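First the structure, then my questions, so here it is.
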Amino acid sequence: MTPPALTPAALTVEGLDVFYGASQILFGVGFTLREGQTMALLGRNGAGKSTTMKAIAGLAPPRAGTIRLGGRDIAGSPPYLAARLGLAFVPEDRQVFPDHTVQDNLEIAAKRGPAGEDHWTVPRIWEALPLLERLRGRAAGRLSGGEQQMLAIARALMGNPRILLLDEPSEGLAPIVVARIGDLLRGLRDAGATVLLAEQNMHFCLGLASHAVIIDKGHVVHEADIETLRHDEAIRSRYLAM
Ligand SMILES: Nc1ncnc2c1ncn2[C@@H]1O[C@H](COP(=O)(O)OP(=O)(O)OP(=O)(O)O)[C@@H](O)[C@H]1O
Ligand SMILES: [Mg+2]
């Protein structure tokens, strides 16, 4: 069987070194995210997943390396450039405006994509996430953690991004809510979205991501398709929480 043809690279990271003060956190991190791919960035607590995402989003400028997005090297550029080129980042702390309603949170985030894309509107969000529609008038600060995570993802979608970076969307949530977020991400994948998903939880990524990059102590230590990884006890026990 011939493997499916590779789609073009949406994001290429090479040789990233990131420091916080004097301590080096990332060491030559590199990988390629392809158009239409959902890829998992896996690693234990403190491995460097969030730092990698922050570097890509322009929030942790690297000391060395390149980040190619939309035909440009954006390493070290301010966050608005990545955003303008179609990158949306949902950080671990799910930033929403707590005093504003769910609907206002979505409307504030509305923006065309880099080529004028306007697929995502408030009615489309209600279609994709009926639960949020029922909460449309509620202040975001009064939502549960899972509802806030859905709202944070929905806010990112309202910007019609080309690439979505999600930092541990399943973290700290009840299994039923984690399943709903998995359904949402599978729906996005099936619609052709390009997603980089940081997770400690490999199980959340099964049936969702096609590939995984494993990061450990700031180094990329393994890359595999996710089904291979699922059966690779040795790698999993070495680099991932079981
Ligand atoms: N602002 C900071 N200043 C100094 N060190 C930091 C800072 N943020 C993170 N670190 C350190 O950088 C390393 C990588 O952290 P990072 O947050 O990228 O890991 P992570 O893989 O996202 O972990 P987690 O799964 O817990 O979110 C850790 O050793 C952490 O203590
Ligand atoms: Mg993190």
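None of the figures in this text is laboratory data; all of them are computed from the coordinates on show. All values derive from a computational prediction rather than experimental measurement. Cβ: placed from backbone, ideal geometry, glycine included. Neighbour counts: every protein chain shown.
Taking interchain pairs and intrachain pairs at least six residues apart, which have beta carbon atoms under 7 angstrom, with the first residue in segment 222-234 and closer than 18 Å to Leu6 by Cα and the second β-branched (Val, Ile, Thr)?
Glu223/Val213
Would you mind stating whether Gly116 is over 27 Å from Leu41 (Cβ atoms), away from ligand 1 (no atom under 16 Å from the Cβ) and among the small types (Gly, Ala, Ser)?
yes
A further question on this structure: Would a scan of segment 17-31 turn up a residue that is buried (at least 16 other Cβ atoms within 10 Å of the Cβ) and among the acidic types (Asp, Glu)?
yes
Among the residues of segment 221-242, count how many are in contact with a strand residue (DSSP E or B) (Cβ under 8 Å, 6 or more places away or on another chain) and within 16 Å of ligand 2 (Cβ to nearest atom).
Looking only at that region, the number is 2.
Just give me the residues in segment 11-58 being more than 10 Å from ligand 2 (Cβ to nearest atom), part of a loop (DSSP other than H, G, I, E, B) and in contact with a Gly (Cβ under 6 Å, 6 or more places away or on another chain), in sequence order.
Gly36
What's the number of the condition His100 fails, among (1) touching a Leu at 6+ places or on another chain (Cβ under 9 Å); (2) farther than 22 Å from Gly192 by Cα?
Condition not satisfied by His100: (1).
Filter segment 24-41 for residues that are touching a His at 6+ places or on another chain (Cβ under 9 Å) and within 11 Å of ligand 1 (Cβ to nearest atom) and give the result.
Leu26, Val29
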